[in-house]
Amino acid sequence: MGPVLRAAFAVLAILLPLPSPAAHEAGGKARILYFNDADPRVPASAEKLRRAIRSSPWYMRHPAEVELVVVDFASPSLEGDIRAALAGRKVAAIVAPNGIVALAAQRATTTVPIVFGVRQDPVAIGIARSMQAPGNNLTGFTQYSPVESKRVELLLQFQPGIRTLGVVIDRWWSRDPTSWRFDAMLRERFGISARYHEVESMAQLEALLASEAATDADAWYVYSNAFDSDAPRATALLGATCKPAVYTTARWAAEGALIAYQPVIDDPFALWAKLLGAVLAGRAPGTIPIEGPRRFELHLNKEAARRCGIAIPRALATTATRVH
């Protein structure tokens with residue numbers, strides 16, 4: 001081969017880099033498994049992830065395909081189901097949409113990169129050593145920020161002198177390290193006692209609100225996952241008690257919640273795509289810092305306040321992200 005030909009091949013090698021090992025092993029596209037449940041909204045989420053990946057600047061160099069794997073979050077065999085989905089296949093990465101899947105995937109594999117999105121503190125639940133250097137085969141983002149006391153402060157602006165707080169939770173609450181500190185925070189900082197009510201259906205919510213426990217509560221703190229599938233009905237039932245309620249997810253204010261306060265990740269799918277791009281380019285997941293929320297949203301609902309004759313404090317109305 002002459003010097004001119006060698007020079008030409010050298011230029012081509014620079015202009016046309018070799019595909020990543022992950023892409024080559026998956027027959028031209030890196031295979032990404034997205035584990036989620038059978039909720040009707042999940043296929044749309046999977047498609048958002050696919051679009052985010054296809055529009056990423058790294059996609060032409062490291063093409064990837066997303067395969068949705070439906071699992072049951074509450075199943076004791078979740079870890080085994082993830083392991084079975086990986087068996088005998090070349091998988092470039094796992095996307096875990098919550099802490100339950102992230103923990104099960106962490107137990108199922110120590111080699112396949114796991115990119116998660118969780119509501120909890122990832123260090124506290126044990127999927128990361130630190131935010132800057134998560135370690136092992138995991139990285140991702142968290143929507144968590146310690147804002148529990150801020151939500152209680154917002155309630156107190158609507159209802160000073162709260163002594164008993166009705167806390168509406170679901171079965172996952174006790175697995176969230178936030179819940180372990182919640183009681184102490186209420187007592188020590190505000191002198192408030194909590195009454196916990198596990199609610200995962202409209203029938204359970206109706207039973208709670210017909211009981212004496214509902215009369216005892218001065219206000220409500222609603223862990224929004226408790227009945228995520230029927231927000232308008234849930235906010236209507238709780239709003240009918242005319243006791244101030246704060247919700248943990250901002251979008252609930254549009255469904256009738258009086259107060260909603262939430263740390264915000266602007267585009268989780270774009271963030272997943274960015275992290276997946278780093279993994280497919282060969283970076284070790286455990287060296288990629290975990291992303292966290294950079295802003296916070298306060299949403300208020302003036303109609304919910306009007307129905308119960310509750311005045312929205314002027315200072316909150318002017319600083320709220322949105323008043324519905």
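The values are calculated or read from the model by the stated rules, or taken from the named source; none is laboratory data. The structure presented is a predicted model; accordingly, all values stated were derived computationally and were not measured. Here the Cβ is made from the backbone with ideal geometry for all residues, glycine too, and neighbour counts use every protein chain on show. Only protein heavy atoms, including side chains, enter the accessible area calculation; ligands, DNA and RNA are left aside. Shrake-Rupley method; radii C 1.70, N 1.55, O 1.52, S 1.80 Å.
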Quick one: helix 99-108 against the long Cα principal axis of the chain, what's the angle to the nearest 10°, folded into 0 to 90?
40
Descending principal axes extents, the chain, alpha-carbon based, whole Å:
88, 44, 36
If only Cα atoms are counted, what is the Rg of the range 130-190, and what is its Dmax, in Å?
15.2, 48
Compute log10 of I(q)/I(0) for the range 244-324 with the Debye formula, placing one identical point scatterer on every Cα and leaving out solvent, at q = 0.17, 0.23 Å⁻¹, to two decimals.
-0.70, -1.00
Please express the Cα-Cα pair-distance distribution P(r) of the range 187-324 as a list of whole percents, one per 10 Å bin, running from 0 to the bin with the greatest distance.
10, 33, 29, 17, 9, 2
Extend 7 Å from the Cα of residue 254 along its Cα-to-C-beta direction; within the range 116-143, residues with backbone N under 20 Å of that point are 143
With a Förster radius of 45 Å, plug the Cβ-Cβ distance of residue 295 and residue 89 into 1/(1 + (r/R0)^6) and report the FRET value to the nearest 0.05.
0.70
Work out how far the C-alpha atoms of the range 110-267 reach from end to end along every principal axis, then list the three figures in whole Å, largest first.
52, 34, 25
If I fit a long axis through the Cα atoms of helix 42-54 and take the longest principal axis of the Cα atoms of the chain, what angle between them do I get, 0 to 90°, rounded to 10?
40
Report the gain in length on full extension from residue 207 to residue 241: 0.36 nm times residue separation, minus Cα-Cα distance, nm rounded to one decimal.
10.9 nm
Explain nothing, just the number: dipole magnitude of the chain about its Cα centre with +1 on each Lys and Arg Cβ and -1 on each Asp and Glu Cβ, in debye rounded to the nearest 20.
1120
Whole-percent carbon and sulfur contribution to the accessible surface of the range 92-234 (1.4 Å, no ligands, DNA or RNA) stands at 46
Take every DSSP beta bridge whose two residues both sit in the chain, then give the antiparallel share in percent to the nearest 5.
15
With angles folded into 0 to 90 degrees, how steeply does helix 3-15 sit against the dominant principal axis of the chain? Use alpha carbons for both and round to 10.
10
Computed D for the range 95-147, Stokes-Einstein, Kirkwood radius over alpha-carbon pairs, 4 °C, 1.567 mPa s, to the nearest µm² per second, is 120
Quick one: which residues, 5 or more positions from residue 245 or on another chain, have an amide H under 5 Å from its amide H? H modelled 1.01 Å from N in the peptide plane, none for Pro or chain starts.
220, 258, 259
Sum -39500 (n - 2.57) across every DSSP H segment of at least 4 residues in the chain, then divide by the residue count to get the 222 nm mean residue ellipticity, nearest 500.
-10000 deg cm²/dmol
Could you please report the charge total around residue 253, scoring K, R as +1 and D, E as -1 over all other residues with beta-carbon less than 11 angstrom from its beta-carbon?
0
Once Lys and Arg are counted +1 and Asp and Glu -1 for all other residues with Cβ under 13 Å from that of residue 51, the total becomes 0
Residue-normalised value, i.e. accessible area per residue, for the chain at 1.4 Å probe, in Å², stands at 48
Report the Rg/Rh value for the range 197-262, based on alpha-carbon coordinates and the Kirkwood definition of Rh.
0.91
